[in-house]
Amino acid sequence: MDRAEMNTQRASHYDKRLQSCPKMYGFEMIHTEEIAEILSKEQAWLIDLRDEESYRNGHMKFSRNLPFEHIERWRWEIPDAVSLVLYCEHGNQSLLAARKLKERRGTVYTVIGGYQAFKAQERKGIDTAVFKR
């Protein structure tokens with residue numbers, strides 16, 4: 001079991017609690033398999049919260065690099081009606097970002113397991129072509 005799978009498994013209990021009451025927390029937790037559907041049905045931005053170097057080394061197709069460390073700067077520049085799909089390396093920073101952005105009118109989603117969950121799918125042979133850059 002690789003690190004991404006361990007992190008995803010370890011967080012599953014916490015994830016289930018959050019998923020069961022998204023209105024209470026102000027954001028929704030999703031799996032990588034749900035990203036394409038959200039992007040096709042909603043006016044949504046896929047946001048990579050990792051640093052610029054990590055983004056350059058690989059990212060999900062259609063994502064915008066808005067590093068978490070600059071969230072206080074860029075959070076006010078995004079139109080309120082746009083939904084946000086947030087991901088980081090393992091899912092921890094995206095949870096922190098979702099908590100900061102939960103007051104927006106648009107829906108805020110955070111990807112469980114982050115970029116490593118996406119890469120784990122790719123290694124297992126699951127079709128991730130919709131996300132490749």
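See the values below:
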{"item": "Other-chain or far-sequence residues with amide H under 5 Å of residue 110's (modelled H)", "result": "28, 29, 30, 86"}
{"item": "Shape category assigned to the range 24-115 from the gyration tensor of Cα positions, a/c cut at 1.5", "result": "rounded"}
{"item": "Rounded if a/c under 1.5, otherwise prolate or oblate - the range 72-120, Cα gyration tensor axes", "result": "prolate"}
{"item": "Exposure proxy ranking, count of Cβ atoms within 10 Å, fewest first, for 78, 112", "result": "78, 112"}
{"item": "J(HN,Hα) series, the range 68-78, from Karplus relation 6.51 cos²θ - 1.76 cosθ + 1.60, nearest Hz, glycine and proline x", "result": "4, 4, 10, 4, 5, 7, 8, 4, 8, 8, 8"}
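FYI, it's all coordinate maths here, none of it is from the lab. For clarity, every value in this text was computed on a predicted model and none was experimentally measured. With ideal geometry, Cβ positions are generated from the backbone for all residues, glycine too; neighbour counts draw on all protein chains shown.
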